[in-house]
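Here's the structure we're looking at; comments come further down.
Rule-based calculations on the coordinates, nothing more; no lab input. Being a predicted model, the structure only gives us computed values, none of them experimental. Backbone-built Cβ (ideal geometry, glycine too); neighbour counts: all protein chains shown.
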Amino acid sequence: MLYIMRHGKTDWNEQRKLQGQTDVPLNEEGREMALAAGREYAGIHLDVCYCSPLIRAKETAELFFKERKENIPVIFDHRLKEMGFGVYEGVAESFGILDCPVNVFFKRPEEYTVPVDGGESMDELFERTGEFLKERVYPDLEAGKDVLIIGHGAMNSSIICQVKFNSDRSRFWEEGIPNCKMIKLLEG
């Protein structure tokens, strides 16, 4: 089985700021969400967890597995970092900014072809997450392992889009990306 989950809430989530690759920790609610998710999904068998190296994902993984009796390896991979939003990281309420180019990504992702200054393109995001799937996840699934990925909204959506929607970018946000809710992507 392949599962994917987004990190718990952060203060920047609450303030509706674009986080991107800025290393923002979980807030208290996010920590409680991760612990609660660990309890809620305790009965799901997992062999390995791949996780973004950003602190909000690391903390989520640590708290998610805190009460498990079995020792499940958590492997950090830089390809699971959130999408880079460049100069717009830390900006609150981007939808209130007229002509903010990042808004195209959230409203019409298939049209987001040129990244913002210092940001990442959809092609770059899909390339790194696609490489990760081919090199790490698919071999584990073929070996019969149950895999969990803990990451971020846009990064998770790129994986979901590739696995479920044949990389149709118009369906990028279709699955939804709630904090600390495990989504089953592939049966074993």
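Kindly indicate whether any position in region 102-124 is under 30 Å from ARG39 (Cα atoms) and polar (S, T, N, Q). Scanning region 102-124 turns up no residue that is under 30 Å from ARG39 (Cα atoms) and polar (S, T, N, Q). The residue that is surrounded by the most Cβ atoms within 10 Å (Cβ to Cβ), counting only those in region 148-188 that are of a type in the set (Ser, Thr, Tyr) and without any contact (Cβ under 8 Å) to a residue 60 or more places away in the chain, is SER157. When region 93-129 is filtered for residues that are part of a helix (DSSP H, G or I), of a type outside the set (Phe, Trp, Tyr), in contact (Cβ under 8 Å) with a residue 12 or more places away in the chain and over 14 Å from SER167 (Cα atoms), the ones remaining, listed by number, are SER94, VAL102. Taking the criterion of being out of contact with any Asp or Glu (no Cβ under 6 Å at 6 or more places or on another chain) and part of a loop (DSSP other than H, G, I, E, B), the residues of region 19-35 that qualify are GLN19, ASP23, VAL24, PRO25.
Among residues of region 58-76 that are touching a residue at least 12 places away in the same chain (Cβ under 8 Å) and among the aromatic types (Phe, Trp, Tyr), those with a beta-carbon under 6 Å from a residue that is in a loop (DSSP other than H, G, I, E, B) and surrounded by 10 or more Cβ atoms within 10 Å (Cβ to Cβ) at least six positions away or on a different chain give the pairs PHE65/ILE72; PHE76/PRO53.
Is it fair to say ASN71 is polar (S, T, N, Q), out of contact with any Cys (no Cβ under 7 Å at 6 or more places or on another chain) and either over 29 Å from GLU14 (Cβ atoms) or loosely packed, with under 15 Cβ neighbours inside 10 Å (or both)? It is true that ASN71 is polar (S, T, N, Q), out of contact with any Cys (no Cβ under 7 Å at 6 or more places or on another chain) and either over 29 Å from GLU14 (Cβ atoms) or loosely packed, with under 15 Cβ neighbours inside 10 Å (or both). With respect to the conditions (1) of a type outside the set (Gly, Ala, Ser); (2) touching a strand residue (DSSP E or B) at 6+ places or on another chain (Cβ under 7 Å); (3) touching a residue at least 60 places away in the same chain (Cβ under 8 Å); (4) closer than 25 Å to TRP12 by Cβ, LYS145 falls short on a single one, namely (4).
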